[in-house]
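Trainee: Before we start, here is the structure in question, set down as structure tokens.
The values are calculated or read from the model by the stated rules, or taken from the named source; none is laboratory data. All of these numbers come straight from a predicted model, not from anything done at the bench. Every residue, glycine among them, receives a Cβ derived from its backbone with ideal geometry; neighbour counts consider all protein chains shown.
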Amino acid sequence: MVRKKLLLVLSGIFIGIVLFAGTVGSMKATDSPEFCSTCHIMDDYYDSFMDSNHATLSCNDCHAPNDSLTAKLVFKAKAGASHMYMNTLGSDQIPDNIHATAQSQEVIDKNCITCHEAGLENVAFHDVKEGGCVDCHRHVPHGNGGHKPEDWFDPGSYDARR
Amino acid sequence: SKSETSTEQDMYTTQLSPDEIVNSAFKDEFPLQYESYLKNMVPENDNTSKFVEDIEPNLPILFHNYGFMLEYNKTRGHTYALEDVMSIARINDDSIGSCMTCKSTAVPALLDEMGDDYWSANFKEEIVPLTLSYGEGLESDELGTYGHLSIGCSDCHDPVTMELRITRPSFTNAMARQGIDVTEATKNDMRSYVCAQCHVEYYFEPDKKKVTFPWDNGLKPEEMFEYKENQAKEDGFEYDWIHSISGAPMLKAQHPEFELWSYGPHGEAGVSCADCHMPYERTDGSKKITSHHWSSPMDNVEQTCRTCHSDKSEADLVERVENIQSRHLEAMEETQDHSVRAHYYVNRMITVGAPQERIEEAQWYIRKGQWFWDIIAAENSDGFHNPQGGMDAMRTSSDASNEAISIAIEELIKLDVDLEELEAQIEETIQAVYNEEDPDLKHTHATNDNFPNVLELDD
Amino acid sequence: SKSETSTEQDMYTTQLSPDEIVNSAFKDEFPLQYESYLKNMVPENDNTSKFVEDIEPNLPILFHNYGFMLEYNKTRGHTYALEDVMSIARINDDSIGSCMTCKSTAVPALLDEMGDDYWSANFKEEIVPLTLSYGEGLESDELGTYGHLSIGCSDCHDPVTMELRITRPSFTNAMARQGIDVTEATKNDMRSYVCAQCHVEYYFEPDKKKVTFPWDNGLKPEEMFEYKENQAKEDGFEYDWIHSISGAPMLKAQHPEFELWSYGPHGEAGVSCADCHMPYERTDGSKKITSHHWSSPMDNVEQTCRTCHSDKSEADLVERVENIQSRHLEAMEETQDHSVRAHYYVNRMITVGAPQERIEEAQWYIRKGQWFWDIIAAENSDGFHNPQGGMDAMRTSSDASNEAISIAIEELIKLDVDLEELEAQIEETIQAVYNEEDPDLKHTHATNDNFPNVLELDD
Ligand SMILES: [Ca+2]
Ligand SMILES: [Ca+2]
């Protein structure tokens, strides 16, 4: 009960942030990789994304619906509230491994298709995998090398007893 | 009903007849896929025998007295299938319609016309002329003499909706016997099921000689063996042929790509045949199509493997496949060696008059041993589709062949046979087979004065 | 020099002594990792014997006359290692220092103090008292009686910089002999190398009794066997023990997790031991740490496997592992059966007086057969770390054991031995071992009047 209320309050705040200026500028700001990565929990996703061919995009090019402004706002508010709640009051419930929700997956897939329409329209049967695009393109845009930063593969100078 | 669902879904439909079976008829509507399909003609080379020393030198011994000792080639591709089945020395005057089943788009039409008589009809006299009649005058140069009716579009697609479909009843029925209704398959399933119409183990059930898949107990080698030893025998199917070196009643295994894949790492992960063998490819400007050039994915690692394994370099992936395959092939060589020796040991049991009951016991182990390597040797990925499963079957095979040899040793020693001499004679015989340069004649050296054809002995 | 580089890199340093070896000393600075480490104490249960029927019932026969026939348990965890090595029945009055090498953080200190005398020093008289003296008065309740000096922080970490490090010279040297300088390892490598100090096959080289890894020719079972048959023999190492049923000179294989992993699917893909066995976990608020509770990743699929395999459900992954493991374990059972039979067949060769030369030939195949299954049975993932490699080694094993049996059959028949009777006696003996309820006594049933201990025969 208390939590539900808190969630509502937090949603309000988040929507507030988004709507406050109501300008293109703030909308952009809350879409940007920098904004998402203000939460340390996003580091892995940020890093792996910055290494990818999609690095010029903003997170919400994939992670929020882009078909209509209202759809986007509603989704962002909902997702944002949940993220803020989890990061503050609900932090002990944050799973060790964050995975996209089914709803997210659907949104993401739609966005892939929107951008890649031109390339895809000639492939009549492209929606062949239940998991969507990432069933084949498993590493777009996160996850190259299993979340291991590149410097893990640089030669080190370790101590070893002979 | 098929086209009904399609209209409901408001799908694109072609101008083609629902009964279209000629491949070139699809050219105008699907020029890109057709062009891709033409690439199957590229290896215009002749057939290459598998009997040479660096591929499968032991087969002329191991398949002795069966068609496969006469001629067995590397594959050339779907567009050559019809030509190859017609020219292979394995086809003789008694060959039956069933041999056409996986070679031509005409098969559903043949089934429509002949019903169940199709399966046992005479291949050369009835089936070939009828097949060719369907395509008369519709040959197209780019597809050679028979490519217009060789494995093609209508085998996998409904010509009107172009949806994937199953055209070979053997598959539908075998799946149904396992409780799987293929009409309810997902798209992802269909991307493997279309291949599973043909890239599977089969036998001719003895009644109507129908092409039948031995899957009632499951798809693993041991489950198919179980089937052959029980259900198939009950239905009157005892063996594919009698081996003329050991006299054993043998089973022949054929191309179980689907079976091995099904419980291998990729099959279990839902990666379909088409994912690797028919990747999307860019043609003509920016249009992307499904490749219809079926060949080794290793010729095209970038579009096949690296779509999913983009964290690995092409070189890494090639190396990984090579490691799996070379370990697999080394094991295969050792495994087949046991089988070869087992045949000759039992041959000697027969010629020196060992007890009939012991001979039969050893023959059964030969049959088992051969099944378990043949099902893997006949699988065309050299172990890649299922590294653990392949190795396990070879282990089982070696055990069985060694059991046959043990039985033989026991009886031969009782009859004072000199085993060292026997081994030397075996080695000499193997070398004679290896040294014969004409692949078609290799099998003639597999029997000789030391090891007579046991089916020609008079007792 | 280490702390030099570290200061250069301006790293965090602890307040600990560079020579700190007591685990509880790390508690204050690393409370989260320490807390996680304490979880290794959780299975407070006693040791569980592996000799029971659903684990490894044949081992009391297969390891006859070696320490391993006396007591062999399932592992309990790093914090119990010191306690377990001190209480195991395999330790006797002649046991040497080398047995401590992988059990206690005191080992580098012992090596500093004793130099190369450490390896061959008396375990009970010298090594145990000296080890315990380092931790006197520093016991901590939460770690039981010996956990404060059992495998722990300083084995893998430099106590000052907390960087990963190698503390066991056996590993550094074995890698150097393969041309690999482990000081230049990447961080990803180190996440497996720290484990490879212990989770590897070893033997005591005969000169100083140093713990040595047989890797000069490579890490595969066949490459290690090659090494044991050549380099090791040249250096005077002939065998680990003589088998008292067959008289064969045997090799013992131990926990080659690193070796099998190295050419398995995950090893080749660069997935480290720590990736699966030490996943990141969120503790106390939102801090993510590396888990220091080493156990089965299957207890924690979400944090281990699903980090990488997020496209698969937990149930899928569990099923996949179960499929690999059950296929593997079934094969293991069959493989060990051959080895058991081989021992008894050769026992009979000896008691009926077969030619010495043939006995020795058969004994060599027993040695080979046992090596190739033992290296896999001793590997603790039940096949998961390397499904194809495990199966291949078992195949090789069966072949060798069967060869031993073939030789025996030949000679036994020459001497008119009744093989059916022999088989019945073997079966009876096996059952006697299975039926004995006290694991410590099982081995006493492995020899009997039919199959005497061949080392006690007077000839
Ligand atoms: Ca067959
Ligand atoms: Ca060893």
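Trainee: Only one of (1) buried (at least 23 other Cβ atoms within 10 Å of the Cβ); (2) assigned to a helix (DSSP H, G or I); (3) within 11 Å of another protein chain (Cβ to nearest Cβ) fails for B:Ile376. Which number is that?
Mentor: (3)
Trainee: Being among the basic types (Lys, Arg), within 14 Å of chain B (Cβ to nearest Cβ) and within 25 Å of the chain's Cα centre (by Cα) narrows it down to one of C:Arg358, C:Arg327, so name that one.
Mentor: Being among the basic types (Lys, Arg), within 14 Å of chain B (Cβ to nearest Cβ) and within 25 Å of the chain's Cα centre (by Cα) holds for just one of C:Arg358, C:Arg327, which is C:Arg327.
Trainee: Restricting to the stretch B:100-138, count the residues that are closer than 12 Å to B:His148 by Cα, in contact with an Asp or Glu (Cβ under 9 Å, 6 or more places away or on another chain) and of a type in the set (D, E, K, R).
Mentor: Qualifying residue count, the stretch B:100-138: 1.
Trainee: Please specify each residue of the stretch B:173-216 satisfying the condition of being polar (S, T, N, Q), crowded, with 17+ Cβ neighbours inside 10 Å and away from chain A (no Cβ under 14 Å).
Mentor: Selection gives B:Gln197, B:Thr212.
Trainee: Turning to a different aspect of this structure: How many residues, within the stretch C:284-301, are within 12 Å of chain A (Cβ to nearest Cβ), buried (at least 16 other Cβ atoms within 10 Å of the Cβ) and touching a helix residue (DSSP H, G or I) at 6+ places or on another chain (Cβ under 7 Å)?
Mentor: So the count comes out to 3.
Trainee: Residue by residue through the stretch A:132-146, note down the ones that are at the interface with chain C (Cβ under 7 Å from one of its Cβ atoms) and at pLDDT below 80.
Mentor: A:Gly146
Trainee: Note down all Cβ pairs under 6 Å where the first residue falls in the stretch C:376-391 and is closer than 18 Å to B:Asn323 by Cβ, the second is among the acidic types (Asp, Glu), and they're at least six residues apart or on different chains.
Mentor: Every condition considered, the pairs that remain are C:Met391/B:Asp392.
Trainee: Continuing with this model, one more query. Answer with yes or no whether C:Arg320 is basic (Lys, Arg), more than 10 Å from chain A (Cβ to nearest Cβ), farther than 26 Å from A:Gly143 by Cα and surrounded by 16 or more Cβ atoms within 10 Å (Cβ to Cβ).
Mentor: So C:Arg320 does not fit the description; no.
Trainee: Which ones in the stretch C:260-272 are within 14 Å of chain A (Cβ to nearest Cβ) and either assigned to a helix (DSSP H, G or I) or within 18 Å of the chain's Cα centre (by Cα) (or both)?
Mentor: C:Pro265, C:His266, C:Gly267, C:Glu268
Trainee: Same structure, new question: Examine the stretch B:431-439 for a residue that is within 14 Å of another protein chain (Cβ to nearest Cβ) and either crowded, with 23+ Cβ neighbours inside 10 Å or outside any helix (DSSP H, G or I) (or both), and state whether such a residue exists.
Mentor: no
Trainee: Residues in the stretch B:90-98: is at least one in contact with a Lys or Arg (Cβ under 9 Å, 6 or more places away or on another chain), of a type outside the set (Phe, Trp, Tyr), under 22 Å from B:Glu20 (Cα atoms) and buried (at least 16 other Cβ atoms within 10 Å of the Cβ)?
Mentor: Scanning the stretch B:90-98 turns up at least one residue that is in contact with a Lys or Arg (Cβ under 9 Å, 6 or more places away or on another chain), of a type outside the set (Phe, Trp, Tyr), under 22 Å from B:Glu20 (Cα atoms) and buried (at least 16 other Cβ atoms within 10 Å of the Cβ).
Trainee: Residue under question is B:Thr351, and the condition is that it be more than 28 Å from B:Glu53 (Cβ to Cβ), of a type in the set (Val, Ile, Thr) and surrounded by fewer than 18 Cβ atoms within 10 Å (Cβ to Cβ); does it hold?
Mentor: Yes, satisfied.
Trainee: I would also like to ask the following. Take the residues in the stretch C:99-136 that are in contact (Cβ under 8 Å) with a residue 60 or more places away in the chain and in a loop (DSSP other than H, G, I, E, B); name whichever of them is farthest from C:Val194 (Cα to Cα).
Mentor: Taking the candidates together, the pick is C:Asp116.
Trainee: Considering every residue within the stretch A:106-117, establish whether at least one is assigned to a loop (DSSP other than H, G, I, E, B) and at pLDDT below 85.
Mentor: We begin by selecting, within the stretch A:106-117, every residue assigned to a loop (DSSP other than H, G, I, E, B); these are none.
No; the residues of the stretch A:106-117 include none that is assigned to a loop (DSSP other than H, G, I, E, B) and at pLDDT below 85.
Trainee: Could you list, ordered by first residue, the pairs with Cβ atoms under 7 Å in which the first is in the stretch C:178-206 and over 12 Å from C:Arg165 (Cα atoms) and within 16 Å of ligand 2 (Cβ to nearest atom) and the second is part of a strand (DSSP E or B) and aliphatic (A, V, I, L, M), at least 6 apart or interchain?
Mentor: C:Tyr202/C:Val211; C:Phe204/C:Val211
Trainee: Cβ-Cβ below 7 Å, separation at least six or inter-chain, first residue in the stretch B:240-258 and of a type in the set (Gly, Ala, Ser), second within 15 Å of ligand 1 (Cβ to nearest atom): which pairs?
Mentor: Pairs found: B:Ala248/B:Arg367; B:Ala253/B:Glu201; B:Ala253/B:Trp371; B:Ala253/B:Asp374; B:Ala253/B:Ile375; B:Ala253/B:Ala378.
Trainee: Quickly run through the stretch B:380-406 and pick out the residues that are more than 9 Å from chain C (Cβ to nearest Cβ), out of contact with any Gly (no Cβ under 6 Å at 6 or more places or on another chain) and in a helix (DSSP H, G or I).
Mentor: B:Ala393, B:Ala404
Trainee: Inside the stretch B:156-174, can you point out the residues that are free of Cβ contacts under 8 Å to residues at least 40 places away in the same chain and of a type in the set (A, V, I, L, M)?
Mentor: Matches in the stretch B:156-174: B:Leu164, B:Ile166.
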